[in-house]
1. How far apart, in nm, are two points set 7 Å out from the Cα along the Cα-to-Cβ line at Glu119 and at Leu46?
2. What is the percent of Cα-Cα separations in the stretch 128-184 that go past 13 Å?
3. Given Cα positions, please report Rg to Rh for the chain, the hydrodynamic radius being the Kirkwood one.
4. Test of understanding: in a Gaussian network model of the chain with alpha carbons linked when under 10 Å, which of Gly169, Gly27, Gly117 would top the mean-square fluctuation ranking?
5. Work out Dmax and Rg for the stretch 46-130 from the C-alpha atoms and quote the Rg first, both in angstrom.
6. Taking the highest mean first, how do the peptides 120-126, 161-167 order by number of other beta carbon atoms within 10 angstrom per residue?
7. Check which residues have an amide H placed less than 5 Å from Val75's amide H, if you skip close sequence neighbours.
8. Given springs between every Cα pair under 10 Å in a Gaussian network model of the chain, which of Ile112, Ile140, Ile76 has the largest fluctuation?
Amino acid sequence: MASAKRSPATRRVRYQVACSLDGYIAGPSGEFDWIIPEPEFNFDELYAQFDTLLMGRKTYEAVRSMPGVFGDKHVIVASRTLRQTDPSDVEVVGEDLEQRIVDLKKSPGSDIWLFGGGELFAQLLAWGLVDTVEPAIVPILLGGGLPLLPAPAAQYPLTLERHRAYSSGMIVLEYAVRSPAEAE
C-alpha cells in the first residue's frame, strides 16, 4: 500500500530502524551495541507517535529484557514458535499475520512501529503493508550482519519525505513506499 493512496483514517506501518551505513540493522551475531545514543535525537517524541510495536520473535527476544522498552505500547510478536502463553504481556500472531495487520491498520489508533526485523519487513513489504521506511543511518561500517532488507526481494520505489542530519553524523531519512506499479 502506498501512502499516497492511504485514507486519512488508516494507521501507517512505519519501518523505523537504526542502520549502519553499509546497510545492516544488526551485527553478524545480532548485536546492536554499535548503535550509540544521539543526544539531539528526541526518542520520546518519536516513541509517542506509536501505540503499537510490531516485531518478529528474534527482535522480541533481543529487546524484551531491556527496562521500559515497551512502555505502555501494545506489542505484537510475529512468530510461528512462540505461543500466546509464553509471553503474557504481548500478542503473539502465528497465523494470518497479513490479515491481522490489515485489520490493525483499519482500527483506531496511532501509527504502528515495525520494530526491527528485516525478514518481517520484507514480508510486510511484499504484502504491500509498509507505508514508510525510516532508517536512522548510524555512521559506522559493520562489514556484515543482518541486512536492512534480506535477499531476495523485489525492488520498491521510494519517495523521500523528510531527512535530518545530526552533529554526530547520524542521518534520519523518511521515505514513502510506492508500489512497483506506481513507478511505471
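Here, each number is a calculation from the coordinates, and none is a lab measurement. All values derive from a computational prediction rather than experimental measurement. Reconstructed Cβ throughout: ideal geometry from the backbone, glycine too, with neighbour counts over all protein chains shown.
1. With each label point 7 Å from Cα toward Cβ, the separation is 2.4 nm.
2. Summing the P(r) of the stretch 128-184 above 13 Å gives 69 percent of all pairs.
3. A ratio of 0.94.
4. Comparing Gly169, Gly27, Gly117 in the GNM, the peak value goes to Gly169.
5. 12.1, 33
6. Those peptides, ordered most packed to least, come out 120-126, 161-167.
7. Leu53, Glu91
8. Ile140
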